[in-house]
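Read through the structure below, which is laid out as C-alpha cells, and then see the notes.
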Amino acid sequence: MPAAIKNITLEAGASYQLEFRWLDSEEAPTPLEGYTAAAQVREGFTSTRPLLTFSIELEDEGTGFVRATAEQTRTAVAAAVGREAVWDLELTPPEGGPIRLLKGKVHLSPEATK
C-alpha cells in the first residue's frame, strides 16, 4: 500500500497536531498494540539531518488512533523558511519492517510576532 499524500503547514512559534485513525480495507480500525511510530521533517527525503521530529502517540485499545505532535517549531521553522521541506510518518509493527502511512510537502510559515 503506497503512503497517502498529506501536505502540511508548520508555523514558526506554533504547535502542530495531526490526528487520524488507521483503518483497514474494510474500514475497521487497525490494532496498534506493540507498534512503534516515527515522523520527521527534512529538507529532502535524502537529507541526513531532520529539521523537526514529531512526538507520536498510539492508542493500544484497538482504535487505530494516531496523534502526531510537533512542538518547538519556532527554531526549526525559522531556520528553514524559504527552503523546500518534506515529511513522512511510519509505523512499525512488532514483527516486520516499517510501513509508511503518510508523506508530503511541508510549507514553512514564518512568524511576525517574536
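Taking interchain pairs and intrachain pairs at least six residues apart, which have beta carbon atoms under 9 angstrom, with the first residue in the stretch 7-35 and farther than 17 Å from residue 88 by Cα and the second of a type in the set (A, V, I, L, M, F, W, C) and in a loop (DSSP other than H, G, I, E, B)?
Final answer for the pair search is 12/81; 25/1; 29/22; 30/22; 32/22.
Filter the stretch 41-84 for residues that are basic (Lys, Arg) and either at pLDDT 90 or above or under 15 Å from the mean Cα position of the chain (by Cα) (or both) and give the result.
42, 67
The values are calculated or read from the model by the stated rules, or taken from the named source; none is laboratory data. Predicted model, so just to flag it, every value in this text is computed and none were measured. A quick note on method: Cβ atoms are made from the backbone with ideal geometry, for glycine too, and the neighbour counts reach across all protein chains shown.
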